1. So which of Val206, Val230 ends up being under 22 Å from the mean Cα position of the chain (by Cα), buried (at least 17 other Cβ atoms within 10 Å of the Cβ) and β-branched (Val, Ile, Thr)?
2. Could you tell me which of the residues Thr145, Thr150 is on the phi < 0 side of the Ramachandran plot, modelled with pLDDT of 95 or more and part of a helix (DSSP H, G or I)?
3. Could you figure out which of (1) surrounded by 13 or more Cβ atoms within 10 Å (Cβ to Cβ); (2) farther than 30 Å from Asp142 by Cα; (3) modelled with pLDDT under 95 isn't true of Gln18?
4. Restricting the search to region 141-153, which residues are under 21 Å from Trp193 (Cα atoms) and surrounded by fewer than 22 Cβ atoms within 10 Å (Cβ to Cβ)?
5. Taking region 125-179 on its own, how many of its residues are within 21 Å of Ala27 (Cα to Cα) and among the hydroxyl-bearing types (Ser, Thr, Tyr)?
6. Can you tell me how many residues in region 22-76 are outside any helix (DSSP H, G or I) and either under 20 Å from Asp158 (Cβ atoms) or modelled with pLDDT of 65 or more (or both)?
7. Just wondering, is there one or more residues in region 103-125 that are buried (at least 16 other Cβ atoms within 10 Å of the Cβ) and assigned to a loop (DSSP other than H, G, I, E, B)?
Amino acid sequence: MSSPFPGMDPYLEGEMWQEFHETLANAIRAQLLPRFSAKYVALLSKRYVLDRPVLSILDLPSERVIYPDAHVAALRERADVAFAPVGVNVAGPPFELLSPIPEQVPMLSVEIHDVAERRLVTIIEILSPVNKRGEGWRDYVDRRTELLQTRTHLLEIDLLRQGTRIPLVGELPPASYYVYLSRTQRRPRTQVWPVQLHDRLPTVPVPLLPPDPDVPLDLQAAVKACFDLVGYERLLDYAAPPPPPPLSEGDIVWVAQVLSTAGFGRRPQTADHS
């Protein structure tokens with residue numbers, strides 16, 4: 001069995017995203033390599049981005065509880081109860097919030113190189129939550145701006161509904177997901193493929209060096225290959241609503257119908273109008 005959704009599976013936008021991100025990069029490379037001539041090679045490039053979560057795109061599960069050190073808890077209990085001065089009002093037990101702790105997040109890109117000259121021809125970026133918020137977004141925009149001043153093609157895949165989109169002049173049509181292609185010969189123009197939640201993910205061109213023709217990248221086939229390899233449908237909680245942001249009323253009904261048809265039970269949900 002594979003994903004019940006005809007296009008992108010919105011349930012992947014939650015806690016499984018980082019794992020899926022790396023699997024998708026590998027699936028894209030595996031699809032492209034047989035389509036290249038011996039002139040080109042696709043390599044995986046890993047870098048680390050410092051993520052300083054404040055308002056995270058990926059919310060922690062509501063049932064997660066953080067427990068203090070057992071010895072600290074025992075001392076607090078004795079201090080608050082056993083040793084409290086007579087006549088002093090003792091506060092109730094404290095509640096806890098999460099402290100944002102910076103972490104190094106691995107990011108995989110697919111790089112297409114000309115074998116003979118070791119030249120970087122095309123970069124395929126799969127955007128992650130860290131690319132779409134706060135300092136991570138600004139760092140990505142800086143990196144993107146530097147790439148746009150080179151002779152490297154840039155293909156960007158944004159399969160996350162939440163977060164800040166890449167900066168473009170003009171207004172993007174409303175959509176759940178986007179694919180962007182900046183060809184060196186066409187800059188500053190960027191091709192945009194808007195993808196609705198209901199849509200199959202597109203097949204997009206991967207440009208090479210002229211006069212070599214583009215190579216097609218079937219994104220839907222790449223996502224399917226990830227499900228075939230890992231079996232994400234066994235790991236995703238289709239009984240719960242999808243990860244944020246909340247869906248529209250129409251999308252809620254559609255998601256429920258898709259899951260019901262595929263044999264996945266789901267509680268009815270309402271849109272969040274807050």
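1. Residue meeting the stated conditions: Val206.
2. So the residue among Thr145, Thr150 that is on the phi < 0 side of the Ramachandran plot, modelled with pLDDT of 95 or more and part of a helix (DSSP H, G or I) is Thr145.
3. Only one criterion in (1) surrounded by 13 or more Cβ atoms within 10 Å (Cβ to Cβ); (2) farther than 30 Å from Asp142 by Cα; (3) modelled with pLDDT under 95 is unmet by Gln18, namely (2).
4. Across region 141-153, the qualifying residues are Val141, Arg144, Thr145, Leu147, Leu148, Thr152.
5. Summing the residues that are within 21 Å of Ala27 (Cα to Cα) and among the hydroxyl-bearing types (Ser, Thr, Tyr) in region 125-179 gives 3.
6. Of the residues in that region, 22 qualify.
7. Looking for residues that are buried (at least 16 other Cβ atoms within 10 Å of the Cβ) and assigned to a loop (DSSP other than H, G, I, E, B), one finds none in region 103-125, hence no.
Residue by residue, here is whether (1) modelled with pLDDT under 95; (2) touching a helix residue (DSSP H, G or I) at 6+ places or on another chain (Cβ under 9 Å); (3) closer than 22 Å to Glu19 by Cβ; (4) not charged (D, E, K, R) holds:
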residue	(1), (2), (3), (4)
Glu103	yes, no, yes, no
Met107	yes, yes, yes, yes
Asp114	no, no, no, no
Leu120	no, no, no, yes
Ile126	no, yes, yes, yes
Gly136	yes, yes, yes, yes
Glu171	yes, no, no, no
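The values are calculated or read from the model by the stated rules, or taken from the named source; none is laboratory data. Just so you know, these numbers come straight off a predicted model, no measurement behind them. Glycine gets a Cβ as well: all are built from the backbone with ideal geometry, and neighbour counts include every protein chain shown.
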